[in-house]
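Below is one structure, written out as structure tokens, with a few remarks after it.
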Amino acid sequence: MEHATTNQFGGYIRHLREQRQLSMRGLAKVAGVDSGALTRLESGKTTPTPGTIKALAIALDVPLADLFVRAGYTTPHDLPSMDAYLHTRYGHLPSDVLDSMNDYCQRLISEHGFEPGGPSDHEDEITKPSHT
């Protein structure tokens, strides 16, 4: 996991913990993780293991897949399309509402230059100049 992802994950866990009005020790106890390890995780000093992610997902009552994505264990290519996600997640809504949601999301993606599928192969790779 890259340092930026580690920091973002730690901040997200801290946000969820505070939102649920849990102390650091309280979350550590509920999740069954060491409070020192949780402190290091929230501060971006350590990378969470899959077991820690699972324990935190259960303790914080968030979908396990969400935490794996936030932790960088899932790449954009592993994620479903927005349309598939919306139909799976909100399939109880009428089709026209789902279509409107998808259109709205696609418009935001287009307006802000997001590439939902991630970069194409090798697009995000930087060629380092050779030193001769």
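The values are calculated or read from the model by the stated rules, or taken from the named source; none is laboratory data. As the structure is a computational prediction, the values presented were derived from the model and not from experiment. Positions of Cβ are backbone-derived with ideal geometry, glycine not excepted, and every protein chain shown enters the neighbour counts.
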(message) Taking the condition of being among the charged types (D, E, K, R) and modelled with pLDDT of 95 or more, how many residues in the stretch 26-41 meet it?
(response) 1
(request) Of all residues in the stretch 48-71, count the ones that are among the charged types (D, E, K, R) and modelled with pLDDT of 90 or more. (result) 2
(request) Evaluate the stretch 46-54: report whether one residue or more is more than 14 Å from Ala71 (Cα to Cα) and surrounded by fewer than 16 Cβ atoms within 10 Å (Cβ to Cβ). (result) no
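Looking only at the stretch 45-102, how many residues end up being on the phi < 0 side of the Ramachandran plot, among the small types (Gly, Ala, Ser) and within 19 Å of the chain's Cα centre (by Cα)?
Restricting attention to the stretch 45-102, the residues satisfying the condition of being on the phi < 0 side of the Ramachandran plot are 45-60, 62-71, 73-102.
Now drop any that are not among the small types (Gly, Ala, Ser), which leaves 51, 55, 57, 59, 65, 71, 81, 84, 91, 95, 100.
When the remaining residues are screened for being within 19 Å of the chain's Cα centre (by Cα), the result is 51, 55, 57, 59, 65, 71, 81, 84.
The total comes to 8.
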